[in-house]
Amino acid sequence: MARILVVDDEPHVLGAFQDLLEGGGHDVVTSEEATSALGALEEGPFDLVVMDVCLQGMDGLEALRRIKQQWPSLPVIVMTAHGTMQTAIEATKLGAFDYHLKPFDPAEMLAAIDKALEGSRLTQNQVVRAPEMPDAIASHSLIGNSSQMQQVFMSIGRVAATNATVLIRGESGTGKERVARAVHQHSQRAARPLWIVNCVAIPDTLLESELFGYERGAFTGATSQKIGKFEQADGGTLLLDEIGDISLGIQAKILRVLQERCFERLGGNKTVHVDVRVLAATNRNLEEAIVKGAFREDLYHRLNVVTISIPPLRERPDDIPALVEYFLSRYAKELGTPKPPVSPEARKKLQEYPWPGNVRQLAHCIQRALIFTRGYPIQATDISLTGTAGDHTGSRTCPEGLGELVRRYLIDCGGEHAHEQLLGHVERLLIVEALHRTSGNQTHAARLLGLARPTLHAKIQKHNLDSGSSETTAPG
């Protein structure tokens, strides 16, 4: 049995709630206005508040603000007969557990109340609250106590202090870039820059100049000299991410740098000598690519001096709890919410899922759950496993309900004057959805959206999105 406060200025609504909830064994207290409701909360503990927005005197949103300030863990379900986008957003921002439009289905309201009460019990019991992460762990997301990850850590430790070329292998989303960063950070070159080039994000016509630079006049539009990434990384480290996807011609030029430590810029005759440690990462089967003639065998042997293979998450399920705690801490801090408890059912669901998108997909799943639970306990129904890495077969039409969202947005923001702003919002929404469905794989997301890969990459940068995959980056 729970003690529930229902606040509404319509007596028949209060009566209906009393019949509905007292029949389930709950103790129900009612109030027709917000001020007396706040007084009732002061007098005795409640497990849940169900409150209308439109009240006489103080409105429901102001009452919600005050409730969350004084009783932050008390769940509040908001309801209204005049729902607008602004009201829904504001109620959510203020911390409402759920939001319902009148008239509502009694079964749906009861389900929401049961979920809120379960969350309240989890918060009070504290039995499954996520433990705090040690600072040393929270500062680094290469996490895992499994024997497989311990082997990865030991390999990093053995190779970091050398100048050996390292080939980092693993499925998409396993954390290849993070391994590369760890190798660099523990090397003698740690004080120098680490440059990262996502080879698949740049067309071959541009990748050559990106890596090796060019001289003024080398081609139409080359109005000044450009220094390439090999030259910029002199004395430091260069990660060639997705190296299995580059053309044979550029492979030959990379091979020469590895062999002779020199190259010429495009359109130039001067030989440039560099001292660069090269790391390479791929999710492709390079041995198979060699057989098919898509990858040079001599380059493979130059890259494969030391190999670090990262196991997929499905092969190390014991690492999932620690990863969940890390992402809970990280994203709760970013969102400015307390790190919430996670129900045993939710943990079981996370533990048993095979995670085709690996750690990246798990990170997105936890981030999404935190956004929608807003600090309340995470339950199994909050764990969304749709739109996985293998789900690329959906249509390219807009998500369900987007047309109505567009129509309302235009009305709320002043009709056609909002057109330009709206297009930006919709474009960002579609890109976020595509990246979510493909677990951050930009190649698959571009195909899903019907865009060229470089076009999608440019739009991701335009909207300041974190796709979860490597991009061309300067040292931080």
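Among what's in segment 312-368 and is in a helix (DSSP H, G or I), free of Cβ contacts under 8 Å to residues at least 60 places away in the same chain and polar (S, T, N, Q), pick the residue that is surrounded by the fewest Cβ atoms within 10 Å (Cβ to Cβ).
The extreme case among them is 351.
Taking segment 295-308, which residues are over 23 Å from residue 236 (Cα atoms) and either buried (at least 16 other Cβ atoms within 10 Å of the Cβ) or not assigned by TED's automatic domain parsing to the domain that holds residue 172 (or both)?
295, 296
Restricting attention to segment 254-273, which residues are surrounded by fewer than 19 Cβ atoms within 10 Å (Cβ to Cβ) and either in contact (Cβ under 8 Å) with a residue 40 or more places away in the chain or assigned to a helix (DSSP H, G or I) (or both)? Steps first, please.
In the first step, residues of segment 254-273 are kept if they are surrounded by fewer than 19 Cβ atoms within 10 Å (Cβ to Cβ); the result is 255-256, 258-262, 264, 266-273.
Scanning segment 254-273 gives 255, 256, 258, 259, 260, 264, 266, 267, 268, 272.
Are there any pairs, at least 6 apart or on different chains, whose C-beta atoms fall under 6 Å, with the first in segment 129-158 and more than 17 Å from residue 169 (Cβ to Cβ) and at pLDDT 80 or above and the second surrounded by 15 or more Cβ atoms within 10 Å (Cβ to Cβ) and acidic (Asp, Glu), and if so, which?
146/319
Failed condition for residue 261, given (1) of a type in the set (Lys, Arg); (2) on the phi > 0 side of the Ramachandran plot; (3) within 33 Å of the chain's Cα centre (by Cα), with all others met?
The one condition residue 261 does not meet is (3).
The values are calculated or read from the model by the stated rules, or taken from the named source; none is laboratory data. Note that the structure is a prediction, hence the values are computed from the model and not measured. Cβ sites come from the backbone with ideal geometry, for glycine too, and all protein chains shown count toward neighbours.
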